[in-house]
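Read the structure below first, then the notes.
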Amino acid sequence: MIESEGTLLLLGTSEIKNNELYIGGVSVSDLKEKFGTPLYIIDQADLEDRMETFVTQFKSDQFETHISYASKAFTNLYMAGLCKKHGLHIDVVSGGELFVALEAGMDPAHIYFHGNNKTADEIEYALSAGVGTFVIDNIQELRWLNQLTKEMEKQTQALLRINPGIEASTHKYIQTTTNDSKFGISTDDEKIHDMIQSLIDAPQIDFRGFHCHVGSQVTDEKYFFQEAEAIVSFTSTISKRYDIDIKEINLGGGFGVQHTPESPSIDFESFLTRYIDVIEATLQKYKIKPEVISIEPGRSMINNSGYTLYSVGHVKHTLEGLPLIFVDGGMSDNPRPSLYEAEYHAYLANKMENQVSENYRVAGKLCESGDVLIQSIELPAAESGDLLIIPASGAYTYSMSSNYNLMPRPGVVFVKEGQVVEAVKRQSYQDLIVNQRHYSN
Ligand SMILES: *Cc1c(COP(=O)(O)O)cnc(C)c1O
């Protein structure tokens, strides 16, 4: 839930006690003492609530529904374990993500394997692990899969990733279904028929239907409804032309989230039921009866339960421009502002009720001028030793983090009802050279 108190964005279980921010009943300064900064903090109760919201609201009596968490947004053993506990499926796009899902105990049948350039090794790994569904991107991949299923004597299910040409309004780097997209195949491309025929003919591949993902961080729900109409209409044409039953339609993810108090957002409780209504009506209109409808929330599942905590180092006044608050992380733990101008909110977690006094820029410590996390934000007077926290930063931060400037990757803690689980330990300096060898020996 989002309460707007002035410029404040208080999410999930976060609350203010003695001028300080608490998340999951745990004081943020205690977390800094125990785990250091930068630190990713996940509000576990809030996350589990959202998982339940997806599972209970995206439901129909006309078809089965799968909520497949797009693990690229944020994954580790603990997170994948929570997905399993709440009955979610999981999307992976690489051998590494697949490994984590399997290590966490996910049922391989509940895994969707995505990606536009799955390597032969990855396909082999996924087949031997018994991954449930391959989402096919291109003809070469389909040939490899066909050949490997025969060689390995394995069966698998497959969906074909299509682009019905919906252009959702979002940043161009996260648009995916345009006709020149690197993902999937356009429904206007005649070659799609060779692919469908090959899928139907492949003896060890069970061709179940189509997948489409409209883009990311889309907050106008009409695009999801348009996409549903486009994919169902296409499905109906194909179903007639090839005389086949389409068993599954996967509508992808991309549901937008609120990063700042000013940005638009989707209310998931009501959106998901409206979405189901639109899907049911569209299926009726085109007389299609799939067994399964799936969606793939990534960002929308994790983002607003995640916080990034930093310590303030120096505060610098430059000749021009807003004063700079320097934090002890930056684009190495959150590359999104420098990558696609993502906007974030922040507060000083140890000065929650102090009067705001000034507009600041928040910059990191990495050696790039673009390493600015927030271009302008009103905060109380900041000084060295303050705790700066960025709420709504759970998605595509930890998962996109790097060791640039040989910054050790921050740890991840899950907090719930006063308890803390250190799900991922902060990297040590030793970890940075674990795969390296000395020149002299
Ligand atoms: C990235 C991705 C998602 C999740 O997108 P979000 O914007 O994080 O919801 C879902 N499906 C596919 C195929 C993706 O590539």
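The values are calculated or read from the model by the stated rules, or taken from the named source; none is laboratory data. Just so you know, these numbers come straight off a predicted model, no measurement behind them. Just the protein is used for accessible areas: all its heavy atoms, side chains included, with ligands, DNA and RNA removed. Shrake-Rupley method; radii C 1.70, N 1.55, O 1.52, S 1.80 Å.
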Segment 69-176: D in µm²/s via Stokes-Einstein (Kirkwood Rh, Cα pairs, 20 °C, 1.002 mPa s)?
147 µm²/s
Report the dimensions of segment 40-116 along its three principal axes from the alpha-carbon atoms, largest first, rounded to Å.
35, 30, 22
Quick one: grab the alpha carbon gyration tensor of segment 5-50, order the square roots of its eigenvalues as a ≥ b ≥ c, and give me rounded if a/c is under 1.5, else prolate or oblate depending on whether a/b is larger than b/c.
oblate
Rotationally averaged projected area of segment 349-441 (alpha carbon convex hull; nm²):
9.2 nm²
Mind checking the log10 I(q)/I(0) for segment 388-441 at q = 0.18, 0.25 Å⁻¹? Debye, one equal scatterer per Cα, no solvent, two decimals.
-0.77, -1.16
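Report in % the part of the accessible area of the chain that belongs to carbon and sulfur, leaving out ligands and nucleic acids; probe 1.4 Å. Could the numbers behind the result be given before it?
Working: 9110 of 19270 Å².
Result for the chain: 47 percent of the exposed heavy-atom area is carbon or sulfur.
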With the other protein chains left in place, how much accessible area per residue, in square angstrom, belongs to the chain at a 1.4 angstrom probe?
44 Å²
Can you give the angle from 0 to 90° between the axis of helix 120-129 and the longest principal axis of the chain, with both taken from C-alpha atoms, to the nearest 10?
80 degrees
With the alpha-carbon atoms as the only input, what is the per residue convex hull volume for segment 173-269 in Å³?
127 Å³
Tell me, rounded to the nearest percent, the portion of alpha carbon pairs in the chain spaced more than 36 Å apart.
31 percent
Alpha-carbon Rg/Rh ratio, for segment 192-323, with Rh computed the Kirkwood way:
1.19
Rounded to whole Å, sorted largest first: equivalent-ellipsoid semi-axes of segment 179-235, Cα gyration tensor:
25, 13, 11
Can you list the aspartates and glutamates whose alpha carbon is less than 17 Å from that of residue 365, not counting same-chain residues fewer than 8 positions off?
328, 333, 383, 386
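If each DSSP helix of 4+ residues adds -39,500 (n - 2.57) and the sum is divided by the residues in the chain, what number results at 222 nm, nearest 500 deg cm²/dmol? Working shown, then result.
Working: 12 runs with 126 residues, N = 441.
The per-residue figure over the chain is -8500 deg cm²/dmol.
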Folded to 0 to 90 degrees: helix 44-57 orientation relative to the chain principal axis, Cα
30 degrees
Dimensionless Rg ratio for segment 286-441, taking C-alpha atoms and the 2.2 N^0.38 Å reference:
1.27
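In terms of the Cα gyration tensor, with a ≥ b ≥ c the square roots of its eigenvalues, is segment 315-361 rounded because a/c is under 1.5, prolate because a/b exceeds b/c, or oblate? Provide the component values of the computation, followed by the final result.
On the way: a/c = 1.91, a/b = 1.30, b/c = 1.47.
Because a/c hits 1.5 or more and a/b fails to exceed b/c, segment 315-361 counts as oblate.
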